[in-house]
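Data block below; observations after.
Laboratory data are not the source of any read-out in this text; all were calculated from the coordinates shown. These figures come from a predicted structure and were not determined experimentally. Cβ atoms come from the backbone with ideal geometry, glycine included; neighbour counts cover every protein chain shown.
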Amino acid sequence: MTPIKPTMSLSRPLGLKAMLGRRPWPWRAVTFMVVASFVAALVTLLSPLPAQAYDVAIQPASPQQGDTVAIVVTANAGTRDTPTVSVNGETYPTFALGSGRYRTLVPSSPLHSSGRYVIQVTGSERTRNPAFWLDRRNFPVQRITLSSSAASIEGTDHEFDRVQAFKDVLSPQKYWNGPFLRPSQGRVSSEYGVRRYYNGVFAEDYYHRGIDYAAATGSPVVAPAAGRVSLVGRVADGFALHGNTIGIDHGQGVGSIFIHLNSIAVSEGDMVQPGQTIGTIGSTGASTGPHLHWGVYVNGVAVDPGPWRNGSIE
Ligand SMILES: [Zn+2]
């Protein structure tokens, strides 16, 4: 701090002599007193102010079940440490967007209860605890009657392990850019989030984890966004339930899965571009007719692909 030089009026105010007695204080003492009181005043003024705090923005502002909630944190103090973001105690990966901004993608699904979710942002700036409300959404309901003779295809450990590994992929790169393309021109035959009753009993853990497009066998399936092919599974390799399958890693915990394919035109490790043909529609695995099932996973949870299609997630 620049030292304040006392002026004549400050150093010799009226009554100072009386306060100090007959002997006036030396210059040095007066200077010290003035500077010290200035510093004390400044400290008093500044100390109740909090340290710099993160700005936290939540998108969309009113999320509903199935939405991907983007939490964008802006650091104000120019700190470069990535903040830690958790929601109701669960920590999610956070990636830098540049210019002191960071983003965390928080998935939701029909299995997430509606209600209040508390975010905790911690790091080198003051901790923030904003909250959002997850709205309830009414998903379509199907009533399925299973006869005792109904053939049931059981998945293999191999395919479940491979699909789980696909869901667990977490690449720091962000491959997607802008809205996702429709992966098939077929008509939507089943929406995201459909719930089911089997023989009158509500299936608590079931929801349709993607969108189905019905089209003729051999119709093209295109990559909805750029990414890296992180999973190729075939019926011949044990993909009995999913059928011929492709998984694309779009980066930063976001991935697409395509199942029941007829043919596969890519290999694991390939980089694909939006609109690139990756395979064709089929009816392999547990499927009752030719269709594409497209699922979008965010940090391991099948979210509604809708908001990814309409570009509300940058
Ligand atoms: Zn499906």
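If you take every residue apart from residue 73 with its C-beta less than 14 Å away from the C-beta of residue 73, what net charge results, scoring Lys and Arg +1 and Asp and Glu -1? Write out the running numbers ahead of the final one.
Numbers: positive: 80, 101, 103, 126, 128; negative: 55, 81, 125.
That sum, taken over residues with Cβ under 14 Å, equals +2.
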**Complete:** Whole-Hz Karplus couplings 3J(HN,Hα) for segment 206-211, θ = phi - 60° and coefficients 6.51, -1.76, 1.60, Gly and Pro as x, run 8, 8, 6, 8, x, 10
**Message:** For the pair residue 61/residue 217, report the inter-label distance in nm, with labels modelled 7 Å from Cα in the Cβ direction.
**Reply:** 5.1
**Complete:** Label model pair residue 276, residue 116: point-to-point distance (7 angstrom along the Cα→beta-carbon line) in nm is 4.7
**Item:** Tensor-based shape of segment 57-144 (alpha-carbon gyration tensor, a/c under 1.5 rounded, otherwise prolate or oblate)
**Value:** prolate
**Request:** Residues in segment 94-115, backbone N under 16 Å from the label point at residue 137 (7 Å along the Cα-to-beta-carbon vector): list them, ranges by number please.
**Result:** 106-115
**Asked** If you count, for each residue, the other Cβ atoms within 10 Å and average over each peptide, how do 247-259, 281-293, 178-190 line up from highest to lowest?
**Response** 247-259, 281-293, 178-190
**Prompt:** Of all the Cα-Cα pairs you can form in segment 187-276, what percent are over 22 Å apart?
**Reply:** 36
**Prompt:** Taking R0 as 22 Å, what's the FRET efficiency between residue 158 and residue 283 from their Cβ-Cβ distance, rounded to 0.05?
**Reply:** 0.60
